[in-house]
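The values are calculated or read from the model by the stated rules, or taken from the named source; none is laboratory data. Please read these numbers as outputs of a predicted model, since none were measured by experiment. Every residue, glycine as well, gets a Cβ built from its backbone with ideal geometry; the counts of neighbours run over all protein chains shown. The accessibility values were calculated without ligands, DNA or RNA, using every heavy atom of the protein model including side chains. Shrake-Rupley method; radii C 1.70, N 1.55, O 1.52, S 1.80 Å.
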Amino acid sequence: MSDERMPPINDELLYSVEPYKIKVVEPLRATTLIERKVAIETAGYNPILLRAEDVFIDLLTDSGTGAMSDRQWAGMMLGDEAYAGSKNFYHLQATVREHYGYRHIVPTHQGRGAEHILSQMLIKPGDYVPGNMYFPSTRLHQELAGGTFVDVIVDGSYDPANSMPFKGNVDLAKFDALIARVGAERIPYISLAATVNMAGGQPISMANLRAVRELADAHGIRVVLDAARAVENAYFIQQREDGHRHKRVADILLAMCALTDASTMSGKKDALVNIGGWLAVNDDALYEQASNLALAYEGLHTYGGLAGRDMEAMALGIRESVQEEHIHARVRQVEYLGEKLRERGIPIVEPVGGHAVYLDARRFLPHIEQTEFPAHRLAVELYMEAGIRSVERGILSAGRNAQTGEHNPAALELVRLAIPRRVYTQSHLDLVALAIERVYRRRETLRGLKLVHEPNHLRFFQARFELL
Ligand code: F0G
């Protein structure tokens with residue numbers, strides 16, 4: 001019997017509901033405030049150094065933390081563990097060709113394995129690699145190969161309150177100016193992230209991607225895509241860019257990739273696996289070189305550091321990742337947390353990104369100097385408040401300049417609340433919003449942090465602090 005007075009449930013609402021039910025659960029352990037204080041002190045006030053079992057809601061990353069489907073788990077039993085030519089490799093290759101469109105793939109253990117091979121192949125000492133904002137592992141591999149990263153993202157990306165729809169776009173004038181300054185022959189490729197993690201999970205538009213392609217073509221520069229969250233980017237193009245509203249996300253993804261020459265992929269994000277990645281290229285000679293380098297650093301070119309079962313799970317994960325109802329619910333869940341925080345007046349990066357909500361620590365804790373790590377301090381406090389783990393994306397992540405020894409400048413001082421895929425429910429996110437509100441109310445009482453141990457590379461992972 002239908003109730004005539006009730007409006008029909010619209011597609012929008014149905015799409016926002018999780019398109020799955022829960023078959024396996026993993027218990028969470030609630031901790032006391034005393035336990036959390038001891039745990040975070042032992043961890044040198046670095047949430048990354050906590051034991052995961054002391055964390056209640058883990059929003060450290062959306063990388064490798066997603067829940068696999070029953071089909072993916074079934075696929076794990078179909079692992080062909082032949083050393084060479086596993087049938088799962090051919091399944092993965094066919095799936096990447098179908099959904100990303102590149103001709104060749106080399107599996108890698110994760111995204112940075114692909115970044116390593118790509119950087120070693122294409123970058124010579126003295127080269128410059130422009131990109132739409134840096135990502136730590138990507139830039140590190142560029143630097144280890146002798147290159148210099150140059151940020152060419154649009155200025156608006158540095159303003160957390162600027163709600164322009166494509167904050168991942170390249171500023172073509174900046175790209176052009178770099179070409180004029182150093183010469184195209186010293187720019188092996190432009191590195192495009194979709195979405196841009198460090199800008200807040202912000203997308204690049206199809207129009208911008210096309211314009212970058214044209215400028216790069218005019219100078220014989222390759223275009224390389226960091227495809228870790230390209231499906232989320234494709235979803236934003238569908239939702240926000242003129243002329244794409246009625247296209248399938250899967251088709252938009254293919255069109256994006258078609259504008260690029262190669263991609264590095266962390267399968268731990270969009271592709272819904274706990275480990276895995278790939279390097280994809282169109283050029284035959286580059287493939288030859290990549291499969292050879294893979295031998296040294298990853299493994300034979302038909303497994304690249306992965307078991308057959310991992311490649312099978314990733315192939316199946318790719319198919320699920322481009323389903324409309326999956327990607328819609330995924331991004332909407334992130335937006336839900338953003339809405340809850342916005343309602344409470346908490347400063348966040350606008351618009352909300354595809355994989356995470358970012359707190360703006362400059363506005364949250366304006367009284368803490370950047371050299372006393374306000375965003376990291378906020379992440380520490382969130383853990384103490386409710387066992388929630390998040391990560392700093394600010395001056396700590398930006399590292400130091402190897403020449404001058406100074407902190408690299410960090411225009412943004414953010415805390416990332418990354419939402420794992422298909423893992424937490426709405427009530428978990430309600431608790432997160434409540435905990436942040438409580439910290440916000442007592443924000444004036446917080447003081448900064450002093451860095452007492454600093455590793456050379458990617459310091460945010462292993463740095464240790466004292467409370468000021
Ligand atoms: N590119 C982007 C945009 C990333 O976000 C990551 C990883 C990588 C490359 C490297 O991939 O971890 O598989 O080696 N990001 C994780 C994060 C670590 O938490 O955002 P990986």
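What the table shows:
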quantity: Exclusive hit being touching a helix residue (DSSP H, G or I) at 6+ places or on another chain (Cβ under 6 Å) and under 25 Å from P165 (Cβ atoms), set I368, I346, I388; calculated: I346
quantity: Subset of the range 44-73 (residues that are within 16 Å of the ligand (Cβ to nearest atom) and hydroxyl-bearing (S, T, Y)); calculated: T61, S63, T65
quantity: Residue ID - least open to solvent (accessible area, probe 1.4 Å), chosen from residues in the range 445-468 that are basic (K, R) and within 29 Å of L144 (Cβ to Cβ); calculated: R459
quantity: Segments classed as strands (runs of 3 or more DSSP E), wholly inside the range 74-159, with at least 2 members that are within 16 Å of the ligand (Cβ to nearest atom) and open to solvent by 10 Å² or more (accessible area, probe 1.4 Å); calculated: 148-151
quantity: Search result, residues across the range 165-199 that are without any contact (Cβ under 8 Å) to a residue 12 or more places away in the chain and open to solvent by 20 Å² or more (accessible area, probe 1.4 Å); calculated: A173, A177, A180, R181, E185
quantity: The listed residue being open to solvent by less than 40 Å² (accessible area, probe 1.4 Å), hydrophobic (A, V, I, L, M, F, W, C), farther than 30 Å from K21 by Cα and in contact with a Leu (Cβ under 8 Å, 6 or more places away or on another chain), out of A379, A361; calculated: A361
quantity: Odd one out for P188, checked against (1) more than 28 Å from V357 (Cα to Cα); (2) within 15 Å of the ligand (Cβ to nearest atom); calculated: (2)
quantity: Listing of helices (runs of 4 or more DSSP H) fully contained in the range 200-304 that carry 3 or more residues being surrounded by fewer than 18 Cβ atoms within 10 Å (Cβ to Cβ) and away from the ligand (no atom under 16 Å from the Cβ); calculated: 206-218, 249-258, 284-297
quantity: All positions within the range 21-53 that are farther than 21 Å from L449 by Cα and open to solvent by less than 30 Å² (accessible area, probe 1.4 Å); calculated: T31
quantity: Filter result for R441 (exposed (fewer than 13 other Cβ atoms within 10 Å of the Cβ) and at pLDDT 95 or above); calculated: yes
quantity: Enumeration of residues in the range 359-392 that are of a type in the set (D, E, K, R) and either within 16 Å of the ligand (Cβ to nearest atom) or under 13 Å from V439 (Cα atoms) (or both); calculated: R377, E381, E385, R389, E392
quantity: Single residue of the range 413-435 satisfying the filter (among the small types (G, A, S) and within 22 Å of E325 (Cβ to Cβ)) that is surrounded by the most Cβ atoms within 10 Å (Cβ to Cβ); calculated: A418
quantity: Total residues in the range 368-395, condition basic (K, R) and under 20 Å from Y158 (Cα atoms); calculated: 1
quantity: Residue within the range 322-340 that is of a type in the set (S, T, N, Q) and under 18 Å from Y102 (Cα atoms) present; calculated: no
quantity: Unmet requirement for L359, which otherwise passes all of (1) touching a residue at least 40 places away in the same chain (Cβ under 8 Å); (2) more than 22 Å from K450 (Cα to Cα); calculated: (2)
